Amino acid sequence: MAAAVLFTSCEPQTITGGGDGSGNGNNNGGNNNGGGTTADGITVWPKDTTVILTDHYLVPEGESLYVEEGATVIASNSEVKPEIVVLGNLYVLGTEANPVTFTVEESSKSDRFSRNWGGIICGYNSEEVVLQNAIIEYGGAQTQESSLSFQHQLFKTETGEGVPGFHFCNPDGQFVITGCTFRNMAEDCIYITGGKSIVMNNRFICNGYDGGEAINYKSDCLVDVAFNFIYDANTNGFKLSNEGFAYVQTVFNGYNNTMVNCGWRRPGVKGGCIWLEAAIIANLYNNLVYDCRWGLKYDIEDDHDESCVLTPNYYFASTQTGVDQMQADAEEGILNSADDIMSATPGDMNPLFVNFTQQDDININVGGNAAGAPVEFNDSWDFHLSAGSPALTGGVTGFTRHFATEGLVFEGLQDRGNDTFTSPDPQPFFGAFGQN
């Protein structure tokens, strides 16, 4: 595959991009400022390069952007609030030892929700996206008249809307998110309205300024979501709905995920671990929910599909309020099952994380940043299960996944090593990590 190296490795380069946002080819010149695109429509941001976005950046339809390991993409502190809009294809190819980073300037990081850049917003004909070993942080800027996502009528069709960290909307497209960390996002981490996807082995840490999900799926999706860790999601870890165009019934398989301290800034009806609505088909197994605002909830006025399989899962509460609010309640739309494992009293059935002690003043019903809200994430915490944990057994493994055998094959990676991703095998423990 021919690919142009745009600039010297490690040297910061300013990318302005954006053009007029019309999608009629007038954007290409903007994208080439500071580099170039090959005749094959391939642009590369090379290994260990620093890219500074001072304007929106567009990947035109039919073209591809490759971001190699160690690249750092910094959104400048400008009035533009840059977005990366992908009408073509995107391949972010970090490694575990040398991830790709999408971030803001250091001066903006004192505010956990800086809103100084938007996110990665894909177009209706975007065919392939791979986000592998990337850090995506401090996004969620609100759209303006000049925002490319607004001009292309992607995600939300009005200005003043906060955009997610990643959005995909092509029912005929596909994407994989693996080994990534989304953190300090003012809105949803990922918001999906179409396509085949695998979301696995990621971390979603602190999102939602005044509402927001870690993982939000609508209609037209076939998806396997597994072995993800979610801490401090404003509203829900998963929000699942079949609302949208509904050319394809969404079937969401979520298994072996861990959710801790979710729902605390949203003291209304919604907010907690998992929310189901609008005829969604969700199959949920082996998930571990720890001190979240509610148990699994559904919209009693716009219910999930009756074919959903929602057990066994593991629900732990360290407080009496937590125990009370995860009990089955038809008026509140809370579900549980005899096959679930649940705390009967505060602290009962503690999953015994290797290194995590819940703060003494946790308040799962707190609003805003008041006392009792979750403390900031600490990278020294370890959410593996200790020997003797009651969460080590009781999970199931015999269920069907969408992409367990054939997997998702990405044409744009055929000359770059691994081009096929399969859904990971489920494990009989609860949560994302098991025992060390």
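The values are calculated or read from the model by the stated rules, or taken from the named source; none is laboratory data. All of these numbers come straight from a predicted model, not from anything done at the bench. Glycine gets a Cβ as well: all are built from the backbone with ideal geometry, and neighbour counts include every protein chain shown. Side chains included, ligands, DNA and RNA excluded: accessible areas come from the protein's heavy atoms. Shrake-Rupley method; radii C 1.70, N 1.55, O 1.52, S 1.80 Å.
Structure data summary
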{"quantity": "Potential extension, GLN13-ALA371 segment - 0.36 nm per residue separation minus Cα distance", "calculated": "124.6 nm"}
{"quantity": "ASP379/GLN435 FRET efficiency (R0 25 Å; Cβ-Cβ; nearest 0.05)", "calculated": "0.75"}
{"quantity": "Two-site label geometry, SER337 and GLN249: point separation in nm, points 7 Å out along Cα→Cβ", "calculated": "1.8 nm"}
{"quantity": "Convex hull per residue volume in Å³, alpha carbons only, for region 43-134", "calculated": "92 Å³"}
{"quantity": "Net +/- balance of residues flanking LYS47 in space, Cβ distance below 11 Å, scoring K and R +1, D and E -1", "calculated": "-3"}
{"quantity": "Percent of beta bridges antiparallel (DSSP, the chain, rounded to nearest 5)", "calculated": "5 percent"}
{"quantity": "Principal axis box of region 218-282, alpha-carbon based, largest edge first, Å", "calculated": "34, 27, 12"}
{"quantity": "Ranked by how many other beta carbons lie within 10 Å on average, peptides 286-294, 43-51, 134-142 from highest", "calculated": "286-294, 134-142, 43-51"}
{"quantity": "For region 276-342, share of DSSP beta bridges that run antiparallel, in % to the nearest 5", "calculated": "20 percent"}
{"quantity": "Solvent-accessible surface ranking, highest first, for SER380, SER110, SER423, SER337 at 1.4 angstrom", "calculated": "SER110, SER380, SER337, SER423"}
{"quantity": "Label assignment, Cα extents along the principal axes in Å derived from the structure, set (i) 63, 46, 43; (ii) 70, 54, 39; (iii) 75, 66, 44", "calculated": "(i)"}
{"quantity": "Solvent-accessible area, 1.4 Å probe, carbon plus sulfur percent, for region 386-436", "calculated": "43 percent"}
{"quantity": "Per residue accessible area in Å² of the chain, where ligands, DNA and RNA are left out and the probe is 1.4 Å", "calculated": "36 Å²"}
{"quantity": "Mean ellipticity per residue at 222 nm, deg cm²/dmol - from DSSP H runs of n ≥ 4 across the chain, formula -39500 (n - 2.57)", "calculated": "-500 deg cm²/dmol"}
{"quantity": "Share antiparallel - DSSP beta bridges, region 209-357, percent rounded to 5", "calculated": "5 percent"}
{"quantity": "Sequence ranges 398-409, 178-189, 194-205, ranked by mean other-Cβ count within 10 angstrom, highest first", "calculated": "178-189, 194-205, 398-409"}
{"quantity": "In order through region 55-64: 3J(HN,Hα) via Karplus (6.51 cos²θ - 1.76 cosθ + 1.60), integer Hz, x for Gly, Pro", "calculated": "8, 5, 10, 10, 9, x, 4, x, 10, 9"}
{"quantity": "Pairwise Cα inverse-distance average, inverted: Kirkwood Rh of region 316-415 (Å)", "calculated": "17.3 Å"}
{"quantity": "Efficiency of FRET between GLU306 and THR405 - r from beta-carbon atoms, R0 30 angstrom, step 0.05", "calculated": "0.60"}
